[in-house]
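Chemist: The following block contains the structure, expressed as structure tokens.
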Amino acid sequence: MAVGIVATFVSGLTPATAFAASEPAAVASAAKAPLRHYAQQKPQWQRCDAKNPATYQCATIKVPLDYSDPGGKKIDIAISRLRASSASAKERRGVLLLNPGGPGGPGLNMPVHPDVNLPEEVNRRYDLIGFDPRGVGRSSPVSCGLTDDEQDLERPYKAETFAKDVKWARTVADKCRARAGDTLRHLTTRNTARDMDVIRTVLGEKRISYLGFSYGTYLGAVYTQMFPRRTDRFVLDSATDPARYGRGMFQAMAARAEPAFTRWTEWTARRHTTYELGRTPAGVRKTFWDLVARADREPVDYGGTLFTSDAIRAQRAMFSRVREAASWVTGLKKAAEGKTRTPAPSPLPPTSARDVPSDNNAASAWAVLCADTRTSWPRDPEQYRRDAIRDNTRYPLSGDFESNIKPCAFWKPGSEPRTPVNNTVRALILQNEWDPATPLAEGQAMHRALRGSRMVTVAGGEGHIVNGTNSCADRSATLYLTTGRLPAKDLTCRAPESP
């Protein structure tokens, strides 16, 4: 792996000079004065909206699009703040930056988001800071002008449609390059980490604490690598392997889906009287694949949605939650047999913030992922064909989905190589055993890369994201954020047994 330049900021610098530390000498010498200008910004805080508390405030700051040319084009970064509830300066710890994941996930509303479960002990000590990463949401949002179909990445491999998939991947890359090419190469995780450090400096803090989810764990790990002396207490919830971030991340999900599916067949077979999907794991497996074959001949109308065989397989993440999956497959089976029209559970479509392009989530996600990891994606479409055929055999639930061609195959490289993560910064990693998006092995790899970290594994924990789902894991995170004490050794919590 190519090694990027690691920026290490020296402790004890004043906010006005904090940016003049050890980026490359040529950059640092040219950048001192312009970066000092960014450090001296005074955010103009105002109430974010009428539906949230008046104490939830928003502002916009400027950062350089290209940190090697800080006097050049500037972009906006939207930030938010919910002040610590304690009025005691002695009790206040500092700021806790929040990131929801992605890449491409807006985080401005994280301090007031109902799914972020932080106890009062944490709220008393920290100003909660949300932000939309560069290119996302209200932070100079990018658009590629993508249609709804072009935003759909769920493309299983089929010999007869592969040429169309290659055209889709090339079209997305070409449209993004034509619409925002000068910007896209600078939408990288390294630059977002630098933006976080601008936020730190503007807020007058020597160090930041952080809670990041999913991709946000990778962003947090990159920050610890670039700015170890600016890192305070970092909680990484549902971590990805920093070495496999990129194409390997997709392929890891396919590999983990198979044991999750096997576990589901075993759980469901023991409850045949409830779900009637099979008395043995083999029987449950046969019921599912018979449904897939039936839907291949004629889509199943379930709750007004037509499920093709591929659309059924696309629900692969559901099998990490055994009860939900059993209920869903039971409903699908009854619908296929014409016995019920029970509405199918489906997620609500994401809503766009005001003035945010409708394709911003997809455009910014591809921009960051492809710019960060361009070298991990083969250029030859035939390589994707071979890999998809191979992985469809290895991992029949979703191997071809994950290994099929993506826009990164045709993307131009980002402005710099990605960051190898390997340091001794203290951090806390939280991980469910049955996480479909960032499998357990991914979190374990992050733990090895952050050698000063501790890991809390929720044995039997289901689904993506630990926060708020397990009291044992939550206590460890609260203790760390409020006292700085990590567990003495890696800890295993247990998920409660399903009733």
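Chemist: Being surrounded by 23 or more Cβ atoms within 10 Å (Cβ to Cβ) and either closer than 20 Å to Arg207 by Cβ or in contact with a strand residue (DSSP E or B) (Cβ under 7 Å, 6 or more places away or on another chain) (or both) is the filter here, so list the residues in segment 232-243 that pass it.
Modeler: Within segment 232-243, Arg233, Phe234, Val235, Leu236, Asp237, Ser238, Ala239 qualify.
Chemist: Quick check on my filter: what residues within segment 51-73 are basic (Lys, Arg) and over 14 Å from Tyr38 (Cβ atoms)?
Modeler: Within segment 51-73, Lys51 is the sole residue that qualifies.
Chemist: How do the helices (runs of 4 or more DSSP H) wholly within segment 255-328 filter down when requiring 2 or more residues that are at pLDDT 95 or above, under 22 Å from Glu402 (Cβ atoms) and of a type in the set (Phe, Trp, Tyr): which remain?
Modeler: Filter on segment 255-328 gives 281-297.
Chemist: Out of segment 132-191, which residues are within 19 Å of the chain's Cα centre (by Cα), of a type in the set (S, T, N, Q) and not in a helix (DSSP H, G or I)?
Modeler: Ser139, Gln151, Thr188
Chemist: I would also like to ask the following. What are the residues in segment 450-476 that are farther than 16 Å from Thr231 by Cα and of a type in the set (Gly, Ala, Ser), if any?
Modeler: Matches in segment 450-476: Ala459, Gly460, Gly461, Gly463, Gly468, Ser471, Ala473, Ser476.
Chemist: Next up: Just to check your reading of the model, which residue among Ala221, Ala252 is crowded, with 22+ Cβ neighbours inside 10 Å, among the small types (Gly, Ala, Ser), in a helix (DSSP H, G or I) and touching a helix residue (DSSP H, G or I) at 6+ places or on another chain (Cβ under 7 Å)?
Modeler: Answer to the selection: Ala221.
Chemist: Continuing with the same structure: Restrict the check to segment 192-204 and report whether at least one residue is closer than 30 Å to Ile312 by Cα, under 16 Å from the mean Cα position of the chain (by Cα) and of a type in the set (A, V, I, L, M, F, W, C).
Modeler: No: zero hits.
Chemist: Continuing with this model, one more query. Take Arg229 and tell me if it is closer than 26 Å to Arg454 by Cα and either within 18 Å of the chain's Cα centre (by Cα) or not in a helix (DSSP H, G or I) (or both).
Modeler: no
Chemist: Can I ask one more? Find the residue count for segment 118-131, including only residues that are within 15 Å of the chain's Cα centre (by Cα) and over 20 Å from Tyr215 (Cα atoms).
Modeler: 0
Quick grid of which residues meet (1) surrounded by fewer than 19 Cβ atoms within 10 Å (Cβ to Cβ); (2) under 22 Å from the mean Cα position of the chain (by Cα):
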residue	(1), (2)
Val368	no, yes
Thr373	no, yes
Glu382	yes, no
Arg394	yes, no
Cys408	no, yes
Trp411	no, yes
Pro417	yes, yes
Val421	no, yes
Thr438	no, yes
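The values are calculated or read from the model by the stated rules, or taken from the named source; none is laboratory data. Everything numeric in this text was worked out from a predicted model, so none of it was measured. As a convention, Cβ positions derive from the backbone with ideal geometry for all residues, glycine included, and neighbour counts pool all protein chains shown.
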